[in-house]
Amino acid sequence: MKLNEYRKKRNFAATPEPQGATVTEKKGNGSLIYTIQKHVASHLHYDLRLEWRGVLLSWAVPKGPSLDPAVKRLAMQTEDHPVEYAGFEGVIPAGQYGAGTVMLWDRGTWQPESADVDASLQAGEIKFTLEGKKLQGSWVLVHTRGFGSKPAQSAWLLVKHRDQYATTKDVTQGEPRSVASQRLLAEIARDGGGDVERASEGDQAGKARSATSAKPGRGPNQADRA
Ligand code: MN
């Protein structure tokens, strides 16, 4: 379907990332893949990916997900990725697109609240349920006007709905390791011949923020900025 942009950006002779087989849409009620990859590239971010129509819809969330319904996290929609990408953890070599270290931070399945995800994408509001190892329960992605220089058409907000899984605990700090290998970014970088120091910065990121994130007075309409 629409992996052209994904493939155009990458040199598969140089990166271990999957090229992606032909797009195959699931028929019937097969469960849909959900994954979040923690990616330390030029900037640290968390790549949220939701399988739909044979590809992974993708959003880069600079601060990662928050389990606090009062916190809105900026999520920039990025190019669709092949479903095989949901299994990728490792090092993207220097000089390649997205060069850096990728960790499989969470994985599982997702369920759209409304069966017509194309209509939800078009309307700019996708309500869904996650069944991951770290993230569960009800969430929403809301299309929003852009911030600053970010292109408006790709800016969304990721927000946790109030349910039994909502909490003010910082899940990115509390659960820093790979769901697949239990490694930290620095260990993945070391094993893959990547930049260990840079990856280690990714492991440390957000520690100061975590210490102050429970402060009262954060308005429900105030979005975190990238
Ligand atoms: Mn990324």
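Looking only at segment 69-84, which residues are surrounded by 22 or more Cβ atoms within 10 Å (Cβ to Cβ) and in contact with a Lys or Arg (Cβ under 8 Å, 6 or more places away or on another chain)?
Within segment 69-84, Arg73, Leu74, Asp80, His81 qualify.
Cβ-Cβ distance below 7 Å, separation of 6 or more or different chains: which pairs start in segment 134-146 with a residue that is within 13 Å of Ala123 (Cα to Cα) and end on one that is of a type in the set (Val, Ile, Thr)?
Here the result reads Val140/Ile126; Val140/Val159; Leu141/Ile126; Val142/Val159, each pair linking segment 134-146 to a residue that is of a type in the set (Val, Ile, Thr).
For segment 40-82, which residues satisfy the criterion of being more than 22 Å from Gln153 (Cβ to Cβ) and within 11 Å of the ligand (Cβ to nearest atom)?
Those that are more than 22 Å from Gln153 (Cβ to Cβ) and within 11 Å of the ligand (Cβ to nearest atom): Val40, Leu44.
Find all pairs meeting these conditions: Cβ atoms under 7 angstrom apart; at least six residues apart or on different chains; first residue within segment 76-93 and free of Cβ contacts under 8 Å to residues at least 24 places away in the same chain; second residue among the aromatic types (Phe, Trp, Tyr) and within 13 Å of the ligand (Cβ to nearest atom).
Listed by first residue and then by second, the contacts come to nothing, as the list is empty.
Which helices (runs of 4 or more DSSP H) does segment 122-204 wholly contain that include 2 or more residues that are of a type in the set (A, V, I, L, M, F, W, C)?
Filter on segment 122-204 gives 185-192, 196-204.
Go through segment 90-102 and give me each residue that's away from the ligand (no atom under 11 Å from the Cβ) and buried (at least 21 other Cβ atoms within 10 Å of the Cβ).
Within segment 90-102, just Val91 meets the criteria.
Just a yes or no: is a residue in segment 110-122 surrounded by 13 or more Cβ atoms within 10 Å (Cβ to Cβ), at pLDDT below 95, over 26 Å from Arg10 (Cα atoms) and in contact with a Leu (Cβ under 7 Å, 6 or more places away or on another chain)?
Scanning segment 110-122, I find no residue that is surrounded by 13 or more Cβ atoms within 10 Å (Cβ to Cβ), at pLDDT below 95, over 26 Å from Arg10 (Cα atoms) and in contact with a Leu (Cβ under 7 Å, 6 or more places away or on another chain), so the answer is no.
Being closer than 26 Å to Ala155 by Cβ and among the aliphatic types (A, V, I, L, M) is the filter here; which residues of segment 83-125 pass it?
Val83, Ala86, Ile92, Ala99, Val102, Met103, Leu104, Ala115, Val117, Ala119, Leu121, Ala123, listed by residue number.
Mind checking whether some residue in segment 125-140 is of a type in the set (Val, Ile, Thr), at pLDDT 95 or above, under 18 Å from Leu56 (Cα atoms) and touching a helix residue (DSSP H, G or I) at 6+ places or on another chain (Cβ under 6 Å)?
yes
Report whether or not Val159 is out of contact with any Gly (no Cβ under 6 Å at 6 or more places or on another chain) and within 23 Å of Leu44 (Cβ to Cβ).
yes
Considering Ser58, Ser66, which residue is crowded, with 18+ Cβ neighbours inside 10 Å and either free of Cβ contacts under 8 Å to residues at least 40 places away in the same chain or in contact with a His (Cβ under 8 Å, 6 or more places away or on another chain) (or both)?
Ser58
Can you tell me which residue in segment 27-39 is surrounded by the fewest Cβ atoms within 10 Å (Cβ to Cβ), limited to those that are more than 10 Å from the ligand (Cβ to nearest atom) and within 9 Å of the chain's Cα centre (by Cα)?
Ile36
The values are calculated or read from the model by the stated rules, or taken from the named source; none is laboratory data. Please read these numbers as outputs of a predicted model, since none were measured by experiment. Backbone-built Cβ (ideal geometry, glycine too); neighbour counts: all protein chains shown.
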